[in-house]
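What follows is a set of notes on a single structure, which appears directly below.
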Amino acid sequence: MHEPIPVYVHLRRAKDLMDREYARELDVPALAREAHASRAHFVRSFKKAFGETPHQYLLQRRIERAKEFLRSTGLSVTEVSIEVGFRSLGSFSAAFRALVGESPSDYARRWRAAGAPPIPACFTLMHTRPHRALFEKQGTDQQA
Amino acid sequence: MITALSHTTIWVLDQDEALEFYTQKLGFEVNTDATMDDFRWLTVSPPERPDYELVLLVPGAPMMDEQSAEQVKALVAKGALGAGAFETEHCQKTYDELSSRGVTFLSEPTERFYGIEATFRDNSGNWFSMTQRTAANDGN
């Protein structure tokens with residue numbers, strides 16, 4: 001059974017909030033409020049609609065944004081980790097390595113040497129988020 | 001103000017097969033074919049219109065969850081999605097050319113109030129209009 005369309009609209013607003021304000025401390029209650037849902041219902045509905053938990057989505061979005069900063073700016077790895085909302089460099093590096101398969105510094109070195117690919121940023125935003133299949137492969141699945 | 005539409009995503013079932021269709025059958029040209037990690041950015045443009053890019057993408061993660069991707073693929077394959085309208089200088093001539101190359105047309109060139117129009121599908125199932133606009137409807 002699918003959710004009614006209005007539920008998808010509310011869930012999408014929570015997703016959009018994470019896309020827009022990924023660097024903020026976004027907890028499940030805040031996201032649930034955006035989706036006009038209770039915490040338990042929100043997490044369950046979000047996973048059902050998008051195939052991943054809000055926590056997974058936010059972490060993936062932060063790592064995707066980090067990849068963008070590492071490719072296209074001269075920011076240090078520490079600066080990037082702060083820029084995308086991580087409180088500790090260690091947790092950022094561990095999450096990055098788990099989802100991307102290499103360290104942030106190796107990733108930056110590789111792309112800064114090669115030059116950023118000629119792909120519009122709006123498409124990399126939408127299509128290069130490290131996704132759930134990789135999450136499961138790397139064994140870093142977490143619940144929100 | 002917004003001045004033009006430069007990129008349009010076309011959901012396709014297979015990028016290599018779509019590339020062959022759009023270049024070999026429709027005569028489009030590759031604008032960009034670049035891969036970043038596992039994302040392939042593949043765009044084609046009508047000849048002489050490199051400013052207008054069709055982005056050929058396969059529905060899938062991370063843009064869509066697996067179930068949504070399968071639903072979109074099914075809609076494309078079933079022919080439920082119309083991707084847009086192309087323009088041509090001579091509808092009948094282009095219809096003949098594309099037909100000879102094996103493009104599947106849904107309707108032959110027909111006079112409409114806005115011009116002469118034929119409709120066809122790409123190899124994934126997306127349908128397009130192909131219109132020779134009349135002078136009064138040339139958009140200028």
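The values are calculated or read from the model by the stated rules, or taken from the named source; none is laboratory data. Keep in mind it's a predicted model, so treat the numbers as computed, not measured. A quick note on method: Cβ atoms are made from the backbone with ideal geometry, for glycine too, and the neighbour counts reach across all protein chains shown. To get the accessible areas, we keep the full protein, side chains included, count just its heavy atoms, and leave off ligands, DNA and RNA. Shrake-Rupley method; radii C 1.70, N 1.55, O 1.52, S 1.80 Å.
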Hand me the list of helices (runs of 4 or more DSSP H) wholly inside the stretch A:77-122 holding 3 or more residues that are within 14 Å of another protein chain (Cβ to nearest Cβ) and either crowded, with 18+ Cβ neighbours inside 10 Å or at negative phi (or both).
A:89-100, A:104-114
Just to check your reading of the model, which residue among A:T78, A:T53, A:T73 is among the β-branched types (V, I, T) and closer than 20 Å to A:P117 by Cβ?
A:T73
Cross-chain or 6+ apart pairs with Cβ under 7 Å, the stretch A:70-87 first and over 17 Å from A:R24 (Cβ atoms), then outside any helix (DSSP H, G or I)
A:R71/A:A116; A:S72/A:A116
Residue satisfying condition, being open to solvent by less than 30 Å² (accessible area, probe 1.4 Å) and closer than 30 Å to A:R110 by Cα, within set B:V44, B:V30, B:V12:
B:V44
Taking B:T131 and the conditions (1) in a strand (DSSP E or B); (2) surrounded by 16 or more Cβ atoms within 10 Å (Cβ to Cβ); (3) modelled with pLDDT under 95, which numbered condition does it fall short on, given that it satisfies the others?
(3)
Among (1) in a helix (DSSP H, G or I); (2) surrounded by fewer than 18 Cβ atoms within 10 Å (Cβ to Cβ), which single condition is B:T94 missing?
(2)
Every residue in the stretch B:61-86 that is buried (at least 16 other Cβ atoms within 10 Å of the Cβ) and facing another protein chain (nearest Cβ under 9 Å), please.
B:A61, B:P62, B:M63, B:M64, B:D65, B:S68
Every pair of residues 6+ apart whose Cβ atoms lie under 7 Å, when the first sits in the stretch B:30-50 and is within 13 Å of chain A (Cβ to nearest Cβ) and touching a residue at least 12 places away in the same chain (Cβ under 8 Å) while the second is of a type in the set (G, A, S) and surrounded by 17 or more Cβ atoms within 10 Å (Cβ to Cβ):
B:N31/B:S45
